[in-house]
Amino acid sequence: MDPQLDAIEQNYTAMYFHNQQSADFRILTVLHNIQRIYYPLLAAICVIGNLLVILILYREKCGLSKHINRYLMAMTVADLLVIFSDLILRHIPTHYESQFSFMYSIPLCNNHAILLNAATDCSVWFTVAFIFDQFVTIGWQSLKTEYCTDKTAVLVLGAMVSLFSLLNTIWYFMLADTYRFRNVPLFCDERNAALDSTVWGVIVIIHYILSPGIPFVLILLLNVLTIRHIILTNRELQNASIEEHPSDQDIESLRKSMNFLFALSGNFMLLWFMYMFYSIWNQISWLGNMPKYLPWFVREIGFMLQLLSYCTKICIYIVILDKFREDLIYVTKYPFTIIVQFFNGLKN
């Protein structure tokens, strides 16, 4: 090859990558500016929304069975813990570093990591447990009376809390105890002994596969099996006599269960996909020593969507659960009703 042409090609390639990096940097800068507003606003909405959900579920006026109420309560509490440990204590300080500089001297980061990862794992797997419960309700009638009970819900939720609390204690030993700012996100430095070992990379990729990789696959599988069950059931009903058809009440209850299942599943898969893909891809690249990392702005968009998923469940409850919507209106109006009654009493 002509050396001059070769030099031109190399210069062109260098300029191309420089432009690409500049484009990535510009996108990242825009995202950071958006996040300075997005994260505090999201935190306020998530905290208020999830506290309202906890209050409404605690009142038990939604017409839900006790075990469903228990699953939803557990999911909401876990979501609130993630909002506190991830959004408020990790992402917001990153974009307001001067206001949170005191965190440099707090030797609690590895404890924070245990809380954050355990809460995230519980939030994800509580969702899987509830979706499986709805799948049993719709497509596994023979198991419904035995599995879909309050006792089973308590055992499943308790086992998950114990398991993920125990598994995530490993972060205490893998991460340093003090915080560091590495632009995004605020978190712990890895201990040198951990970072230099392949064991660290294996642990991290297992962590991302366990949550949300496996849950993502399980939720997708449960939805496919549910759709298959619905198709087969419709074929059977077309050939069944009128006496064998379920009542309108049973059909309406089944329809709501299906809508609930598909809405929660779609919410999780849509909002978690980018974060999951980025995390697993980059960890595999790191383990294989391949410089094929995705741009940082992909991670930032993944973070934004993932954190949004902790606020959107209340929207699903409002749209699908009629009595939840009615109780939400009552709870929201109640303080104003008390104020009006108080002033009316003063007038009288």
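The values are calculated or read from the model by the stated rules, or taken from the named source; none is laboratory data. Bear in mind that the values here come from a model prediction, so they are computed numbers and not experimental data. Neighbour counts run over all protein chains shown; Cβ positions are idealised from the backbone, glycine included.
Observations on the structure shown:
- Matching option when the condition is in contact with a His (Cβ under 7 Å, 6 or more places away or on another chain), in a helix (DSSP H, G or I), in contact (Cβ under 8 Å) with a residue 60 or more places away in the chain and closer than 30 Å to residue 262 by Cβ, among 71, 39: 39
- Candidates 211, 265: the one that is modelled with pLDDT of 85 or more, assigned to a helix (DSSP H, G or I), closer than 30 Å to residue 85 by Cα and in contact with an Asp or Glu (Cβ under 6 Å, 6 or more places away or on another chain) is 211.
- Residue ID - nearest to residue 209 (Cα to Cα), chosen from residues in the stretch 116-153 that are of a type in the set (A, V, I, L, M, F, W, C) and more than 15 Å from the chain's Cα centre (by Cα): 132
- Residue in the stretch 83-94 that is at positive phi and at pLDDT below 95 present: no
- Checked against the criterion of being touching a residue at least 40 places away in the same chain (Cβ under 8 Å), farther than 28 Å from residue 59 by Cα, over 17 Å from the mean Cα position of the chain (by Cα) and surrounded by fewer than 19 Cβ atoms within 10 Å (Cβ to Cβ), the candidates 175, 167, 163 yield just one match: 167.
- Residue in the stretch 98-116 that is at positive phi, outside any helix (DSSP H, G or I), touching a residue at least 60 places away in the same chain (Cβ under 8 Å) and of a type outside the set (S, T, N, Q) present: no
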